[in-house]
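Participant: First the structure, which I've put down as C-alpha cells, then a few questions once you've had a look.
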C-alpha cells in the first residue's frame, strides 16, 4: 500500500548550477546524488528525512533517446524550452506488486514494477522498483510509485538529511493543478486509495481544492473556478505546481534568504506561507510554512 510521500522531481538544465544556487542562495543543502545507470540522467538530492526533492538533469541525451522512456523524454522536452521546472512526484509503497495489481484491476494501465538503480558518487549503489502510468507520469497529475530495495535506515546512513540553512525539515504539501477536480478526486481516492481530508475553495487562487493525505504530507488538487493563478498554471498543463516546505523558524528562514538577495512574498492560498519567487528557483514554486503549521 501507499504509505508516505517519497519525493518531488524538479528538472534542471544545469545540475551543477542548480546545486550551487540551492545551496548558496536558497539555503537548501543539495548534494550530488549520482547517475541513473544507462538512462542518461543524473541528480542531486535535497533531503529532509525519508522525504526529499530531486533535482534531475541530463548527462547523455543519446541514452534517453535510445531508451525512449516517457518520463525521461518529458524531462528532455522541459529542458528544451526552459532552464527547469516541476516534473513529478513519487509515493512510497511497502508492497509495489500489490499496488500494481490493484491499479490494473481499477482499470489503470501501468508499467512495472521496473528495477532501477543509481550509482552514488561514493560508489554505493541504490536500488528500487518503479510503477509508472503507461505513457509516463512526469508533466501529469499522476504520481509514480516507488519501493526501495534498501532499508530506510540504510539509505539514510548513506544520504543523511541536509544541513539546510533555512531550517527546512519536511515536505508539508504538494499542490497539483488540474482542469477539472472530480475526475482526479476519483483517481486519488478510489484508485490510489488516498485519504480525502477536505474539499473547499480558495477565492485568492480562484480555485476549488481537494486535499488528500499520504503519511504526514498533503496532496492538494487545485482546479480553476475562473481567472487566477491556478487557471494560468493549468493553461500550461495539468501537473505538479507548488511544493510547501516546513521550516523550524519562518522568520529566521526569511532573514536567511534576504541575506542572499531573495525577498520572499506572501504565498497566495497558503495562510502565513512565504513564497520564494519561482524565477529565483529555476522555475520551481517553493512555499515555506512554520514547522508547527498543518
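The numbers here are math on the coordinates, done by the rules we state, and not lab data. Only a predicted model underlies this, so the values are computations on that prediction, with no experimental measurement involved. Ideal geometry is used to build each Cβ from the backbone, glycine not excepted, and the neighbour counts take in all protein chains shown.
Participant: Using DSSP, restrict attention to beta bridges with both residues in the chain and report what percent are antiparallel, rounded to the nearest 5.
Facilitator: Looking only at bridges with both residues in the chain, the antiparallel portion is about 80 percent.
Participant: Let me ask something additional. Cα centroids of the range 37-72 and the range 190-204: how far apart, whole angstrom?
Facilitator: Between the Cα centre of the range 37-72 and that of the range 190-204, the gap is 30 Å.
Participant: Fully extended, how many nm does the chain gain between residue 186 and residue 157 (0.36 nm per residue separation, minus their Cα-Cα distance)? Walk me through the numbers before you get to the answer.
Facilitator: Details: separation 29, 0.36 × 29 = 10.44 nm, distance 3.81 nm.
Contour length minus Cα-Cα distance gives 6.6 nm.
Participant: Let's test the formula: R0 of 41 Å, r as the Cβ-Cβ distance of residue 279 and residue 216. What FRET efficiency results, to the nearest 0.05?
Facilitator: Efficiency for this residue pair is about 0.85.
Participant: From Cα pairs below 8 angstrom and at least 6 apart in sequence, can you work out the relative contact order of the chain, rounded to a whole percent? Show your work: numbers first, answer last.
Facilitator: Details: 702 pairs, mean separation 56.6, N = 294.
Taking the mean separation of contacting Cα pairs over the length of the chain, I get 19 percent.
Participant: Then there's this: Please work out the C-alpha center-to-center distance from the range 235-294 to the range 110-161 and express it in whole Å.
Facilitator: So the separation of the two Cα centres works out to 26 Å.
Participant: Under 1.5 on a/c is rounded, so check that first for the range 1-81, then, if it is not, pick prolate when a/b is larger than b/c and oblate when it is not; a ≥ b ≥ c are the square roots of the alpha carbon gyration tensor eigenvalues.
Facilitator: Here the range 1-81 falls in the oblate category.
Participant: Kindly work out what percent of the DSSP beta bridges joining two residues of the range 2-158 are antiparallel, to the nearest 5.
Facilitator: Looking only at bridges with both residues in the range 2-158, the antiparallel portion is about 80 percent.
Participant: Turning to a different aspect of this structure: Given the range 168-290, what percent of its DSSP beta bridges are antiparallel, to the nearest 5? Can you show the working numbers first?
Facilitator: Working: 28 of 38 bridges.
Given both bridge residues lie in the range 168-290, the antiparallel proportion sits at roughly 75 percent.
Participant: Here's a follow-up. If I build a Gaussian network model for the chain, linking alpha-carbon pairs within less than 10 angstrom, which residue out of 73, 219, 26 has the largest mean-square fluctuation?
Facilitator: 73
Participant: Still on this structure, I have one more. Would you calculate a helix-derived [θ] at 222 nm for the chain, using -39,500 (n - 2.57) for each DSSP H run of n ≥ 4 and dividing by the full residue count, to the nearest 500? Could the numbers behind the result be given before it?
Facilitator: Numbers: 8 runs with 68 residues, N = 294.
Roughly -6500 deg cm²/dmol at 222 nm, from the helical runs in the chain.
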